[in-house]
Amino acid sequence: MKRLINILMLTGMLVGFTGCWDDEVVEAGAPRPQVENLKAVPGDEEAVVTWTMPDGWNPTDFIISYKTPESETVSYRTGKLGEYTYTIGSLVNDYQYSFDIQAVYGDLISGAVTAIAKPSTSRFPVADLTADATSEMVVLTWTRPSLLVKGYTLTYFSENNPSDIRTMNLAADIETVSVDRLTNDINYTFTLVAEYDRGQSAPATVKAMPTLAIPYYVSTTETAVGMPVHFTFNREAYTNAGNVTWTFPGNIVKSGDEIDYAFTSAGTQTVKLSAQIGTATREWNIEMNVREYAIWNTEWVQDGTNWNGFKGTCPVFSPDGSTLYIITFNKVTVLYAFDIASGAKKWQYEPAAKSGSYNMLTVNPVNGDIYFGTQTAGQFYCVNNEGNLRWTFTEAQSMQAAAPAVNASGTVVYIGDRAGNAFAIDAATGAKKWGVSLGTQCAGLLVNGNELVVGTNGTAIFFLNAETGAETAKITLEKKMTDISGFAVAADKRTVYVPQNNGCMSKIDITGHTVLIDSKVCTGASPNNMYEPVVSPNGDVFVGSKDSYAYCFDSNLNEKWNYQGLDSNNAFNYSHPCVDTEGNFYITSGQKGNKLFVFSPTGNLISDSRIGSDADGADKQMGGNNLLNGVVYSALVGDKGVNGKLVGIGVGYDRAPGWSTHGGDPCGSCCIK
């Protein structure tokens with residue numbers, strides 16, 4: 001093997017170890033055939049490259065070149081005549097390499113052909129290490145991550161003496177071990193490493209405190225800045241305890257058996273619990289792992305391009321609020337599920353047929369199934385909460401239209417497509433129950449008991465029998481409803497607000513099938529599209545507009561205040577704002593310089609935190625936000641070469657009751673009753 005490392009020096013010279021070459025090779029581009037069918041298969045710290053040659057051509061050698069993570073160029077000559085495979089070692093796992101291969105014909109060299117591979121470890125770590133603490137003992141349990149495991153190394157230490165590290169070597173077939181002779185009421189850190197022929201895995205770590213009785217309960221020890229955590233003192237075990245206090249970072253002291261607290265700084269944070277038990281004061285340390293963002297992810301499947309992100313969509317949640325779902329848009333639509341407690345990706349589902357998307361997704365509030373479509377006809381999917389396809393509905397056209405809706409019992413899914421068709425689908429089987437043509441792109445759906453309300457990107461709002469699809473009523477507005485938007489419903493569950501083109505909003509009564517306020521011009525000198533509104537606990541209506549303003553109206557659509565975003569246009573394009581229990585409003589800007597704006601009920605700007613970089617076009621947004629358990633989630637578009645971000649930013653307040661987020665509930669079900 002002959003190796004050449006070329007580094008661009010400050011002098012501008014390209015210094016090469018040319019002595020490694022047997023002959024002089026002229027520049028690339030000479031008229032000689034390139035390699036064909038090039039593939040790079042990743043391994044653990046290596047990649048196997050294979051290729052073929054056109055019939056009748058037999059190069060004398062091959063040159064393989066690539067850049068390291070430090071941007072150094074590494075080149076190899078295979079030196080193997082007639083062999084069209086090569087193993088490249090000493091690579092860095094989880095780094096994407098581009099391998100250029102050129103055929104050498106004596107003094108000539110062909111053009112380069114490129115293959116991409118990202119090596120990854122085969123030394124899988126333990127993924128499910130758990131600890132069960134009793135008096136003076138902790139029992140550790142896990143699952144063997146691979147048949148290639150040769151054994152385990154367990155280390156542990158106490159918080160009172162972290163330098164005293166104890167070690168245990170365990171056999172490969174062991175999946176539980178008891179560690180005894182520990183000191184009660186002191187936290188211990190246990191680290192388990194799987195041993196392989198190629199070396200050690202990444203460590204798995206868990207903490208536990210042996211004790212006679214657990215003195216406290218915590219809703220989670222993995223959290224994010226601004227995400228509330230619930231702390232509970234074990235009053236049942238310590239019946240006569242008094243003066244229970246919790247001391248948080250910054251010497252913030254709170255008293256009581258139950259406390260909610262949101263951390264303001266990232267990193268490992270320690271909470272001290274103190275209680276008077278008999279004549280003595282007992283103290284326990286609770287260690288919390290606090291990350292900066294609830295979710296921060298930029299890794300998305302790509303197809304035929306070098307980036308992906310989110311457009312025209314909005315995050316939604318599982319019925320129990322433990323999982324976030326989102327779909328990408330650029331050429332390939334992939335459904336992602338994220339664990340909210342840890343911020344980690346749980347799974348992804350990629351349909352076999354590739355297509356982009358520009359639309360919303362919805363979760364069944366009863367069984368947790370996820371529904372989404374793409375911009376291609378015949379691609380509407382139901383995926384269960386484990387990431388498996390349940391069924392595909394093929395009769396709809398492009399779903400660049402209204403968000404799907406689900407009835408209260410979770411038995412029927414309603415969709416409206418871009419061609420103006422509305423369908424009712426059996427949620428269990430995917431079979432069509434009925435379908436009707438309304439003639440114009442569907443813009444918003446509402447399930448109202450036995451009626452389905454369908455807003456179109458025309459002036460008509462249809463009321464359909466939810467069981468049969470028969471039209472029961474129809475109202476006509478002066479202006480069109482905005483595409484891919486949605487309704488907002490007041491607390492009385494009959495008053496509905498409709499976002500429209502030309503800076504207009506309407507107010508309708510869906511029980512009486514009447515127009516209360518028709519196409520009221522609600523914006524300034526340059527009226528533009530209004531997008532999905534939300535309703536505050538006090539009845540105010542909040543909405544973002546393509547004219548770059550966010551507006552707050554009273555219940556009769558009289559303006560109370562407005563705020564201009566960062567851009568002269570498109571600042572709140574396809575926005576889906578949120579409102580919390582205190583009546584604060586949340587909305588993100590649309591173009592470069594993206595910010596999360598937080599407004600008080602009276603329009604005071606509480607904060608405008610930056611998401612990303614001013615200079616980064618990938619930080620623009622053309623979709624919505626969602627709010628749950630003290631965190632606002634935003635999904636950004638991305639740009640050429642840069643994936644869009646999915647970000648969860650802690651704000652400390654929960655979503656308000658009623659129609660305070662997209663679709664009226666965390667699932668986005670668009671169901672009133």
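How many residues are outside any strand (DSSP E or B), surrounded by fewer than 20 Cβ atoms within 10 Å (Cβ to Cβ), in contact with a strand residue (DSSP E or B) (Cβ under 8 Å, 6 or more places away or on another chain) and of a type outside the set (Gly, Ala, Ser) when one looks only at region 93-127?
Total satisfying the criteria: 4.
Here is a list of conditions, (1) surrounded by fewer than 16 Cβ atoms within 10 Å (Cβ to Cβ); (2) in a strand (DSSP E or B), and Ile425 meets all of them except one; can you say which number that is?
(1)
In this structure, is Tyr653 hydroxyl-bearing (Ser, Thr, Tyr), assigned to a loop (DSSP other than H, G, I, E, B), assigned by TED's automatic domain parsing to the domain that holds Lys520 and surrounded by fewer than 24 Cβ atoms within 10 Å (Cβ to Cβ)?
Criteria met by Tyr653.
With the requirement that a residue be farther than 22 Å from Ala427 by Cβ, hydrophobic (A, V, I, L, M, F, W, C) and either modelled with pLDDT under 95 or over 37 Å from the mean Cα position of the chain (by Cα) (or both), what does region 454-476 give you?
Ala473, Ile475
Which condition number in (1) assigned to a loop (DSSP other than H, G, I, E, B); (2) crowded, with 17+ Cβ neighbours inside 10 Å is the one that Gly544 fails?
With (1) assigned to a loop (DSSP other than H, G, I, E, B); (2) crowded, with 17+ Cβ neighbours inside 10 Å applied to Gly544, the lone miss is (1).
Sort out for me the strands (runs of 3 or more DSSP E) sitting completely within region 146-237 that have 1 or more residues that are closer than 20 Å to Ser122 by Cβ and either touching a residue at least 12 places away in the same chain (Cβ under 8 Å) or among the aromatic types (Phe, Trp, Tyr) (or both).
151-158, 188-196, 204-208
Taking only region 548-566 into account, find how many residues are crowded, with 21+ Cβ neighbours inside 10 Å and modelled with pLDDT under 90.
The number of residues fulfilling the criteria is 2.
Of the numbered conditions (1) buried (at least 21 other Cβ atoms within 10 Å of the Cβ); (2) in a strand (DSSP E or B); (3) of a type in the set (S, T, N, Q), Thr523 fails exactly one; give the number of that condition.
Result: Thr523 passes all but (2).
Sort out which residues of region 298-317 are assigned to a loop (DSSP other than H, G, I, E, B) and either among the aliphatic types (A, V, I, L, M) or closer than 14 Å to Phe372 by Cα (or both), and write them in order of number.
Val301, Phe310, Lys311, Gly312, Thr313, Cys314, Pro315
Output the residues belonging to region 150-173 that are among the β-branched types (Val, Ile, Thr) and at pLDDT below 95.
Those that are among the β-branched types (Val, Ile, Thr) and at pLDDT below 95: none in region 150-173.
In region 206-215, what residues are within 23 Å of Ser342 (Cα to Cα) and either buried (at least 21 other Cβ atoms within 10 Å of the Cβ) or among the basic types (Lys, Arg) (or both)?
Lys207, Ala208, Met209
Going by the structure shown, is Ile484 more than 15 Å from Gly539 (Cα to Cα), surrounded by 16 or more Cβ atoms within 10 Å (Cβ to Cβ), modelled with pLDDT under 95 and of a type in the set (A, V, I, L, M, F, W, C)?
In short, yes.
Being of a type in the set (S, T, N, Q) and surrounded by 24 or more Cβ atoms within 10 Å (Cβ to Cβ) is the filter; apply it to region 567-597 and report the residue that is farthest from Met530 (Cα to Cα).
Filtering first and then ranking leaves Asn594.
Return the residues of region 625-636 that are under 13 Å from the mean Cα position of the chain (by Cα) and part of a loop (DSSP other than H, G, I, E, B); say none if nothing qualifies.
Leu636
Kindly provide the set of residues from region 243-266 that are surrounded by 12 or more Cβ atoms within 10 Å (Cβ to Cβ), of a type outside the set (A, V, I, L, M, F, W, C) and touching a Pro at 6+ places or on another chain (Cβ under 9 Å), ordered by number.
Passing the criteria: Asp260, Tyr261, Thr264.
Check Tyr325 against each of (1) assigned to a loop (DSSP other than H, G, I, E, B); (2) under 25 Å from Ala262 (Cα atoms); (3) aromatic (Phe, Trp, Tyr) and name the one condition it does not meet.
(1)
Could you tell me which numbered condition Gly663 fails, if it satisfies all but one of (1) in a helix (DSSP H, G or I); (2) surrounded by fewer than 18 Cβ atoms within 10 Å (Cβ to Cβ); (3) not aromatic (Phe, Trp, Tyr)?
Unmet for Gly663, out of (1) in a helix (DSSP H, G or I); (2) surrounded by fewer than 18 Cβ atoms within 10 Å (Cβ to Cβ); (3) not aromatic (Phe, Trp, Tyr): (2).
Take the residues in region 572-595 that are among the polar types (S, T, N, Q) and out of contact with any Phe, Trp or Tyr (no Cβ under 8 Å at 6 or more places or on another chain); name whichever of them is farthest from Ala402 (Cα to Cα).
If we take residues in region 572-595 being among the polar types (S, T, N, Q) and out of contact with any Phe, Trp or Tyr (no Cβ under 8 Å at 6 or more places or on another chain), then Asn594 is farthest from Ala402 (Cα to Cα).
The values are calculated or read from the model by the stated rules, or taken from the named source; none is laboratory data. Nothing here was measured: the structure is a model prediction, and the numbers come from that model. Counting neighbours? That spans all protein chains shown, and the Cβs are built from the backbone with ideal geometry, glycine included.
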